[in-house]
Amino acid sequence: MNLHFEAVGEGRPLIILHGLLGSVDNWRSMSRRLGAHYKVFAVDLRNHGRSPHSDIFEYDVMAADLREFMEQQALPRTMLLGHSIGGKVAMQFAIDYSERVDRLVIVDIAPKPYEPPQRYILEALRSLDLTRYKSFADVDAALATKVSGESLRQFLLKNLARDENGRLRWKVHLEAIYRNYDKLARGLAPERTFDKSTLFIRGGRSNYIEDDDAPLIRQIFPQAEIATLLKQVTGFTSTHRRSFSKRF
């Protein structure tokens, strides 16, 4: 599995893993910022972005993809930052290959199970017959009947592209993601812990990491700290950037 990636900066390596239906594009601005301090590798997970597709889509397999990527890039160890399902991949990797991870940052996800909150989005995307549409705007209009939020639709439409014949297609392997979605929503059940510096970042208006999740987080990640961003911003606040740079 030769994962697609973008690299920027110099220094200690930092690998960034995006969330569900995301790609390296979502982290390009932050990668440039962090590239002032680190050698940043933003990676497309399998079935996302420009990485290869596979019918197999589980956390342990994606963790193995990351190990292969590090071997290809001659990275014996790395700092690791993951958001959403990328955060669960990062957690799985840190547990399975703890000797390869120096520090871990998890954004807006806990190791617990979740009710599959994005199923309606996947079903909405699957319901679209792309052969019927000629433009991105046409797809957006059709999607708007099932996904009301414009910003969410614009995020989803980043997964839309044209093939060599000009026909619209999805970049993501939508069917594999849909079929395996219940597995992605499960909690992690590791037999080992990751006993190194770990930071969980949650949004003040997000319920993906709740106060009640702290015992489970610290059971698996004994050195974990949990930080809350009280204001919705693009990227990190200046206070958080200083904290991140100081600790990592």
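The values are calculated or read from the model by the stated rules, or taken from the named source; none is laboratory data. Computed from a predicted structure; not experimentally measured. Note that we place each Cβ from the backbone using ideal geometry, even for glycine, and neighbour counts take in every protein chain shown. Heavy atoms of the whole protein, side chains included, go into the accessibility calculation; ligands, DNA and RNA do not. Shrake-Rupley method; radii C 1.70, N 1.55, O 1.52, S 1.80 Å.
Points to keep in mind about this one:
- Flag if Ile209 is crowded, with 16+ Cβ neighbours inside 10 Å and part of a loop (DSSP other than H, G, I, E, B): yes
- Residues being of a type in the set (D, E, K, R) and either open to solvent by 90 Å² or more (accessible area, probe 1.4 Å) or touching a residue at least 24 places away in the same chain (Cβ under 8 Å) (or both) - total across the stretch 130-145: 2
- Just one residue in the set Ser127, Ser148 is farther than 30 Å from Arg100 by Cβ and either at pLDDT below 95 or loosely packed, with under 10 Cβ neighbours inside 10 Å (or both); that residue is Ser148.
- All positions within the stretch 1-16 that are open to solvent by less than 30 Å² (accessible area, probe 1.4 Å) and in a loop (DSSP other than H, G, I, E, B): Leu3, Gly9
Per-residue answers, yes or no, for (1) touching a helix residue (DSSP H, G or I) at 6+ places or on another chain (Cβ under 6 Å); (2) of a type in the set (Lys, Arg); (3) at pLDDT below 95:
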position	(1), (2), (3)
Met70	no, no, no
Ile85	yes, no, no
Arg103	no, yes, no
Glu115	no, no, yes
Leu122	yes, no, no
Arg132	no, yes, no
Trp170	no, no, no
Ile177	no, no, no
Lys183	no, yes, yes
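- In the stretch 192-216, the residues that are among the basic types (Lys, Arg) form Cβ pairs under 6 Å with partners that are not in a strand (DSSP E or B), at six or more places apart or across chains, as follows: Arg192/Ile95; Arg202/Asp108; Arg202/Ile209.
- Strands (runs of 3 or more DSSP E) completely within the stretch 25-139 that count 3 or more residues being farther than 25 Å from Ala185 by Cα: 39-43
- Members of the stretch 155-185 found to be part of a helix (DSSP H, G or I) and not small (Gly, Ala, Ser), listed by number: Phe155, Leu156, Leu157, Leu174, Glu175, Ile177, Tyr178, Arg179, Tyr181, Asp182, Lys183, Leu184
- Scanning the stretch 17-45 for residues that are touching a residue at least 40 places away in the same chain (Cβ under 8 Å), open to solvent by less than 20 Å² (accessible area, probe 1.4 Å) and either within 28 Å of Asp163 (Cβ to Cβ) or in contact with an Asp or Glu (Cβ under 6 Å, 6 or more places away or on another chain) (or both) yields Leu17, His18, Gly19, Leu21, Gly22, Ser23, Val43, Asp44, Leu45.
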